[in-house]
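Accompanying notes for the structure given below.
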Amino acid sequence: MYKKFLEMSNTHQNGNAERPLYEPKVLQDIDFDGSHCSTYNPEISHTNPGEGLLMRPLCRGDYDRGYIQLLSQLTTVGDIGQEEFDARYSSMEACLDSYYITVVEDTCTGQVIASGTLVKEQKFIHKCSARGRIEDIVVDNKYRGRQLGKLILDVLTIMSKKVGCYKVSLECKDKLVPFYSQFGYKKEDEQNYMCRRYSD
Ligand SMILES: CC(C)(COP(=O)(O)OP(=O)(O)OC[C@H]1O[C@@H](n2cnc3c(N)ncnc32)[C@H](O)[C@@H]1OP(=O)(O)O)[C@@H](O)C(=O)NCCC(=O)NCCS
């Protein structure tokens, strides 16, 4: 199933709506077995996330597969029409090698049921290096407890190194610190997260 998706996305047989946001080979080529941090029982991986499930890059057509509804289980999303979604998708797509939004689709229902974002922020410091930021991890509440949250975190963390980030970070609430610690994330000494909000 995963192979079929790669073939289709490489040849763009499905047109614009199915063109992946980032090169699927980046996901395909990660060394999951040799690099994952969490434990899985039963074993799952990026190429085999579970019966009927497919892990892949986000594509424009995911608007019609419940992607916005999924994100609304994470935070306020608002009423986003197709046009607004398309415009934002296009601007992300234009930032080459920057947005690695990775989703899990339930191929039986045709719905996107989990998602996570790796943003690669390009820098001049550290010899023109890049910093990774992991954001917007969400698993549909009907699919929670099936290790998909762990899988997405492991995959995006491995991917951040593979795409050349010198470090990767994330922000989370206190109650999720144990969840993220298992992937090697630590609170850094004398570092504080500061924020000025302009809206909720
Ligand atoms: C957090 C979230 C992504 C976890 O997804 P999931 O697929 O249910 O998680 P998994 O099945 O991979 O479980 C991973 C482990 O983390 C634990 N865990 C899951 N959610 C947790 C939570 N909210 N707090 C603490 N631990 C949690 C599980 O008990 C499990 O532990 P185990 O491996 O020892 O059994 C999911 O609950 C979610 O989408 N929550 C709403 C959005 C959100 O809060 N996102 C994170 C923003 S920082």
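The values are calculated or read from the model by the stated rules, or taken from the named source; none is laboratory data. In this text the structure is predicted, and so the values were computed from the model without any measurement. Neighbour counts run over all protein chains shown; Cβ positions are idealised from the backbone, glycine included.
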Restricting to the stretch 33-53, what's the tally of residues that are surrounded by 18 or more Cβ atoms within 10 Å (Cβ to Cβ) and more than 13 Å from the ligand (Cβ to nearest atom)? 1
Any idea which of (1) within 13 Å of the ligand (Cβ to nearest atom); (2) touching a residue at least 12 places away in the same chain (Cβ under 8 Å) is the one residue 172 doesn't satisfy? (2)
Here are the criteria: (1) away from the ligand (no atom under 14 Å from the Cβ); (2) surrounded by 21 or more Cβ atoms within 10 Å (Cβ to Cβ); (3) within 18 Å of residue 19 (Cα to Cα). Tell me which single one residue 107 does not satisfy. (2)
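Considering only residues that are more than 22 Å from residue 142 (Cα to Cα) and surrounded by 13 or more Cβ atoms within 10 Å (Cβ to Cβ), which ones fall in the stretch 62-83? Lay out the reasoning, then the answer.
Going through the stretch 62-83, the residues more than 22 Å from residue 142 (Cα to Cα) turn out to be 79-83.
Within the stretch 62-83, 80 is the sole residue that qualifies.
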Do any helices (runs of 4 or more DSSP H) lying entirely in the stretch 1-108 carry at least 2 residues that are closer than 25 Å to residue 157 by Cβ and at pLDDT 95 or above, and which ones are they? 24-28, 32-35, 67-71, 82-94
Determine if the stretch 136-151 includes at least one residue that is within 8 Å of the ligand (Cβ to nearest atom) and polar (S, T, N, Q). yes
If I filter the stretch 158-170 for residues that are modelled with pLDDT of 95 or more, within 21 Å of residue 112 (Cα to Cα) and part of a helix (DSSP H, G or I), do I get at least one hit? yes
Which of the residues that make up the stretch 110-142 are surrounded by fewer than 18 Cβ atoms within 10 Å (Cβ to Cβ) and either free of Cβ contacts under 8 Å to residues at least 24 places away in the same chain or within 16 Å of residue 70 (Cβ to Cβ) (or both)? 110, 121, 123, 124, 125, 127, 128, 135, 136, 141, 142
